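The values are calculated or read from the model by the stated rules, or taken from the named source; none is laboratory data. Predicted model, so just to flag it, every value in this text is computed and none were measured. Every residue, glycine among them, receives a Cβ derived from its backbone with ideal geometry; neighbour counts consider all protein chains shown.
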Amino acid sequence: MKRGVATAMACAAAAAAVSAGEVGPVPDKTAIIETLGLEPHIEGGYFVRTFQPDHRAKVDTPAGPRYTMTAIHYLLTDDSPIGHLHRNQSDIVHFFHMGSPVHYYLLYPDGRLETAVLGQDLAAGQRLQLTVPGGVWKASHLPEGAYGLISEAVAPGFDYADMALAERAALLEAFPQHAGVVRRFTRD
């Protein structure tokens, strides 16, 4: 995880430079992928795990022991603009970093659909942070721009055993009132 710590420090330095008005050239998506060491994600987009607390005991969950928390960088790009509908058992906090706004679609077990936009235009209602409770179906989308970079903190920590990619037929049956969202953000 040493690369994750170095990456986090580099991102913090970049954010401080932006806040201080010392903005350099805007990186392109290829530079971000290479600099952060991102790889394709099963949901769509690109990611890299930046933190897992190896120095702490894992916590017991109904599915088995998990890290207390994990974190990733996650990037949607114009050539991979969709994070397909999926559900995690853990709670996730998303943090916007840079690029174009990222749109979110959340399908709650009670049938409610919530939308949110992560971005820097707070006056337009965009948010810097979004919390998604475990058990909620989630999709993300980059409708325009070359990329949108976020981070996610997951507690208890992410494990692929706790994640399910949506099956279109099952979600259409569960959420017929949101058929457009389900069709748009599932692969099958």
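What pairs come up if the first residue lies in the range 174-188 and is farther than 13 Å from Trp137 by Cβ, the second is among the acidic types (Asp, Glu) and surrounded by 12 or more Cβ atoms within 10 Å (Cβ to Cβ), and their beta carbons are under 7 Å apart, counting only those six or more places apart or on different chains?
Short answer, once both residue conditions are applied: Asp188/Glu167.
May I ask you to list the residues in the range 85-105 that are surrounded by fewer than 19 Cβ atoms within 10 Å (Cβ to Cβ), hydrophobic (A, V, I, L, M, F, W, C) and in contact with a Phe, Trp or Tyr (Cβ under 7 Å, 6 or more places away or on another chain)?
none
Does the range 114-143 hold any residues that are hydrophobic (A, V, I, L, M, F, W, C), surrounded by 15 or more Cβ atoms within 10 Å (Cβ to Cβ) and out of contact with any Ser or Thr (no Cβ under 7 Å at 6 or more places or on another chain), and which are they? If you could, list the steps in order and put the result at the bottom.
Residues of the range 114-143 hydrophobic (A, V, I, L, M, F, W, C): 116-118, 122-124, 128, 130, 132, 136-137, 139, 142.
Remaining after also requiring surrounded by 15 or more Cβ atoms within 10 Å (Cβ to Cβ): 116-118, 130, 132, 136-137, 139, 142.
Ala116, Val117, Leu118, Leu130, Val132, Val136, Trp137, Ala139, listed by residue number.
Any idea how many residues of the range 32-52 are without any contact (Cβ under 8 Å) to a residue 40 or more places away in the chain and either in contact with a Leu (Cβ under 6 Å, 6 or more places away or on another chain) or not hydroxyl-bearing (Ser, Thr, Tyr) (or both)?
Step one: of the range 32-52, the residues without any contact (Cβ under 8 Å) to a residue 40 or more places away in the chain are 34-39, 46-47.
Still in the list and also either in contact with a Leu (Cβ under 6 Å, 6 or more places away or on another chain) or not hydroxyl-bearing (Ser, Thr, Tyr) (or both): 34, 36-39, 46-47.
Residues that pass the stated criteria total 7.
Is one or more of the residues making up the range 126-149 free of Cβ contacts under 8 Å to residues at least 40 places away in the same chain, out of contact with any Pro (no Cβ under 9 Å at 6 or more places or on another chain) and not in a strand (DSSP E or B)? Can you show your working first?
Pass one, the range 126-149, residues free of Cβ contacts under 8 Å to residues at least 40 places away in the same chain: 126-130.
If we keep only those that are out of contact with any Pro (no Cβ under 9 Å at 6 or more places or on another chain) too, we end up with 127-130.
With not in a strand (DSSP E or B) added as a condition, the list becomes 128.
The answer is yes; a qualifying residue exists.
Inspect the range 35-44 for any residue being among the hydroxyl-bearing types (Ser, Thr, Tyr) and at pLDDT 95 or above and give the result as yes or no.
Checked against the condition, which is being among the hydroxyl-bearing types (Ser, Thr, Tyr) and at pLDDT 95 or above, the range 35-44 yields at least one hit.
Kindly indicate whether any position in the range 95-102 is assigned to a loop (DSSP other than H, G, I, E, B) and over 13 Å from the mean Cα position of the chain (by Cα). Steps first, answer last, please.
Of all residues in the range 95-102, those assigned to a loop (DSSP other than H, G, I, E, B) come to 100-101.
Checking which are over 13 Å from the mean Cα position of the chain (by Cα) leaves us with 100.
Looking for residues that are assigned to a loop (DSSP other than H, G, I, E, B) and over 13 Å from the mean Cα position of the chain (by Cα), one finds at least one in the range 95-102, hence yes.
What residue, of Arg127, Arg112, is under 28 Å from Ala63 (Cβ atoms) and basic (Lys, Arg)? Before you say what the answer is, go through the steps one by one.
Values: Arg127 fails: under 28 Å from Ala63 (Cβ atoms).
After ruling out the rest, the residue left standing is Arg112.
Condition first: of a type in the set (D, E, K, R), within 14 Å of Tyr160 (Cα to Cα) and part of a strand (DSSP E or B). Now tell me which residues in the range 35-70 satisfy that. Break it down stepwise before answering.
In the first step, residues of the range 35-70 are kept if they are of a type in the set (D, E, K, R); the result is 39, 43, 49, 54, 56, 58, 60, 66.
Those left that are additionally within 14 Å of Tyr160 (Cα to Cα): 43, 49, 66.
Residues satisfying the conditions are Arg49, Arg66.
Mind checking whether some residue in the range 149-163 is more than 30 Å from Asp60 (Cα to Cα) and at pLDDT 95 or above? Let's see the steps before the verdict.
At the first step, the residues of the range 149-163 found to be more than 30 Å from Asp60 (Cα to Cα) are 149.
Now restrict to residues that are at pLDDT 95 or above: 149.
The answer is yes; a qualifying residue exists.
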